[in-house]
Amino acid sequence: MPIISLTEALNNLTVDNLKSLMRWLPEASRIGKKSGLVEEILRNLAGDRLQALWEGLDETQRLAVAEATYAGDGCFNATRFRAKYGRLPNFSVRDDRRRHEHHGPPTALCLFLYYQNGWRYVPADLNERLMAFVPAPEPVRLDTVDTLPGMYGESPLSVRLCERDALADLPLLLRLVDQGKLKVSEKTALPGTATLQLLCGQLSGSDYYAEHVPGPTDQEIGPIKAFSWPMLLQAAGLVQRNGSKLVLSKAGLTALTTPTADVLGKIWRKWLRATSLDEFSRIDVIKGQKAKGGAMGAVAPRRAAIAEMLQRCPAGEWISIDAFSRLMVATGHTFDVARDPWSLYICEADYGSLGHSGYHDWDILQLRYMLCFLFEYAAPLGILDIAYTEPAGARPNFHDMWGTDELQFLSRYDGLAYFRVTSLGAYCLGASGHYTPARSSLA
């Protein structure tokens, strides 16, 4: 996006646009040719008049000017602004008589932020003048939760101390492998039904959700950490396949006598680079992920973006998933899930394609991927403690999408509501140079 001058920005507007802006400049004349109108606006955007105009904006509009002014390129990023402040500034005057129209007369904010090539920006010379009196915006802050609520929506909240579980689960898993009890598919390397059932009964606290037989209209949640552990062990090179049976590798044998926290850290780092599984494939309601030509993007950049933000989270403090998600967007630490959302669909490829507007938004693709990554991989490794509820009805923001009428949840991970980085997590993430086991606490 080119950074141009205020004069160029004004000259890019039509005469009608210029006259509409002059409603905010009571001393300016609306009569004359385009060049004269541009000169009038330039005169009114100089000296003390500029500051008076800025002070006349509402709070949200002043914040928008500040964010663009200090963005470096003068660009106003609406997505990041909404994530940070929870609202957007008004660029058009609201009028009940125009409620069915898409665009009303411009607000005074349009004297500061000009539209070009799909973006709004502060012209370079105007930006320089604004920095003399516009204060820099506050940095994005991550809100933490002092006390977890008992309910999340209409469902009770369950808390799982995953650091404690992981320290017990890893030695157990290595013993089960050594005993030849874990098997995976020779073709896909995914754990089979017998292995999943065994792990659900053996892992600390069982799996996250109690096993139940779904009815004719129920979606099956199924195993989560029982599924992830065989994948994590394989990705870390601690086990290898002998037919369908998992056996300990040389690294796995070494892990038997290595401090468990160090082995968990190694598994985490290996998983961040692994290509054996795209976690999003576990969101099986969304079809077309194996479309010819490749619908999905690389997994490593997604994991790296999330892991980097986890490093910024204060250990031992509960954080809502929604607050964490907003932090990622507001700070520009975003990632792509799909190369081509048109290849993805729900129920039917044409009507249910995720390429349609609103069907591939951050909360549909990126947030769902993040829920899976945190719930199914970070939590079992003890990186996070988690608080969650039943997925049905937890995140109903997908019900406007075609083909979702019968769905109770978009992903089995929709119930994840809060997490906190554990002492083990801080160590594995590199935020702490040593590991000190935390005292078990739900607080």
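Checking the condition touching a Leu at 6+ places or on another chain (Cβ under 9 Å), farther than 30 Å from Ser423 by Cα and among the aliphatic types (A, V, I, L, M), which residue from Leu256, Leu199, Leu246 passes?
On the way: Leu256 fails: farther than 30 Å from Ser423 by Cα; Leu199 fails: farther than 30 Å from Ser423 by Cα.
Only one candidate passes the filter, namely Leu246.
Residues of segment 330-357 being in a helix (DSSP H, G or I) and free of Cβ contacts under 8 Å to residues at least 60 places away in the same chain, which ones? First the steps, then the outcome.
Start the filter on segment 330-357 by keeping residues that are in a helix (DSSP H, G or I), which leaves 330, 341-343.
If the condition is that a residue be in a helix (DSSP H, G or I) and free of Cβ contacts under 8 Å to residues at least 60 places away in the same chain, then Pro341, Trp342, Ser343 are the ones that fit.
Considering each of Tyr351, Tyr388, Tyr359, Tyr369 in turn, give the residue that is at pLDDT 95 or above and more than 20 Å from Leu157 (Cβ to Cβ). Break it down stepwise before answering.
Numbers: Tyr351 fails: at pLDDT 95 or above; Tyr388 fails: more than 20 Å from Leu157 (Cβ to Cβ); Tyr359 fails: at pLDDT 95 or above.
Residue meeting the stated conditions: Tyr369.
What about Gly425, is it buried (at least 21 other Cβ atoms within 10 Å of the Cβ) and either of a type in the set (Ser, Thr, Tyr) or in a helix (DSSP H, G or I) (or both)?
Values: buried (at least 21 other Cβ atoms within 10 Å of the Cβ): yes; either of a type in the set (Ser, Thr, Tyr) or in a helix (DSSP H, G or I) (or both): yes.
Criteria met by Gly425.
Has segment 283-305 got at least one residue that is touching a residue at least 12 places away in the same chain (Cβ under 8 Å), assigned to a strand (DSSP E or B) and under 13 Å from Tyr369 (Cβ atoms)?
Checked against the condition, which is being touching a residue at least 12 places away in the same chain (Cβ under 8 Å), assigned to a strand (DSSP E or B) and under 13 Å from Tyr369 (Cβ atoms), segment 283-305 yields at least one hit.
Among (1) surrounded by 16 or more Cβ atoms within 10 Å (Cβ to Cβ); (2) in contact (Cβ under 8 Å) with a residue 60 or more places away in the chain; (3) assigned to a loop (DSSP other than H, G, I, E, B), which single condition is Ser276 missing?
(1)
Condition first: free of Cβ contacts under 8 Å to residues at least 60 places away in the same chain, of a type in the set (A, V, I, L, M), more than 15 Å from Arg282 (Cβ to Cβ) and part of a helix (DSSP H, G or I). Now tell me which residues in segment 192-234 satisfy that.
Selection gives Ala194, Leu198, Leu199.
Conditions first: (1) modelled with pLDDT of 90 or more; (2) surrounded by 18 or more Cβ atoms within 10 Å (Cβ to Cβ). Asn44 passes all but one, so which condition is the exception?
(1)
Taking Arg326 and the conditions (1) over 9 Å from the mean Cα position of the chain (by Cα); (2) surrounded by 18 or more Cβ atoms within 10 Å (Cβ to Cβ), which numbered condition does it fall short on, given that it satisfies the others?
Tallying (1) over 9 Å from the mean Cα position of the chain (by Cα); (2) surrounded by 18 or more Cβ atoms within 10 Å (Cβ to Cβ), Arg326 fails exactly one: (1).
Quick test for you: out of Tyr418, Tyr345, pick the one residue that is farther than 30 Å from Gly72 by Cβ and within 20 Å of the chain's Cα centre (by Cα).
It is Tyr418.
Mind checking whether some residue in segment 382-389 is assigned to a loop (DSSP other than H, G, I, E, B), over 20 Å from Trp318 (Cα atoms) and touching a residue at least 24 places away in the same chain (Cβ under 8 Å)?
Step one: filter segment 382-389 for residues assigned to a loop (DSSP other than H, G, I, E, B), giving 382-383, 389.
Those still in the list that are over 20 Å from Trp318 (Cα atoms) too: none.
No, segment 382-389 contains no residue that is assigned to a loop (DSSP other than H, G, I, E, B), over 20 Å from Trp318 (Cα atoms) and touching a residue at least 24 places away in the same chain (Cβ under 8 Å).
Results for (1) aromatic (Phe, Trp, Tyr); (2) at pLDDT 95 or above; (3) surrounded by 14 or more Cβ atoms within 10 Å (Cβ to Cβ), shown as yes or no for each residue.
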residue	(1), (2), (3)
Ala52	no, no, no
Leu63	no, yes, yes
Ala68	no, yes, yes
Phe81	yes, yes, yes
Asp96	no, no, no
His102	no, no, no
Tyr115	yes, no, yes
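Just to be sure, is Arg303 buried (at least 18 other Cβ atoms within 10 Å of the Cβ) and either farther than 24 Å from Cys428 by Cβ or assigned by TED's automatic domain parsing to the domain that holds Gly222 (or both)?
Values: buried (at least 18 other Cβ atoms within 10 Å of the Cβ): yes; either farther than 24 Å from Cys428 by Cβ or assigned by TED's automatic domain parsing to the domain that holds Gly222 (or both): yes.
Considered against the rule, which asks whether it is buried (at least 18 other Cβ atoms within 10 Å of the Cβ) and either farther than 24 Å from Cys428 by Cβ or assigned by TED's automatic domain parsing to the domain that holds Gly222 (or both), Arg303 comes out as yes.
Pairs under 7 Å by beta carbon, first residue surrounded by 13 or more Cβ atoms within 10 Å (Cβ to Cβ) in segment 21-40, partner among the small types (Gly, Ala, Ser), six or more apart or different chains?
Met22/Ala28; Trp24/Ala108; Glu40/Ala28; Glu40/Ser29
Name the single residue, out of those in segment 142-166 being part of a strand (DSSP E or B) and among the small types (Gly, Ala, Ser), that is nearest to Ala210 (Cα to Cα). First the steps, then the outcome.
At the first step, the residues of segment 142-166 found to be part of a strand (DSSP E or B) are 145, 151-152, 155-156, 158-160.
Those still in the list that are among the small types (Gly, Ala, Ser) too: 155, 158.
Values: Ser155: 15, Ser158: 12 Å.
Applying the filter and picking the extreme gives Ser158.
The values are calculated or read from the model by the stated rules, or taken from the named source; none is laboratory data. Small disclaimer: the values here were computed from a predicted structure and weren't measured. Neighbour counts run over all protein chains shown; Cβ positions are idealised from the backbone, glycine included.
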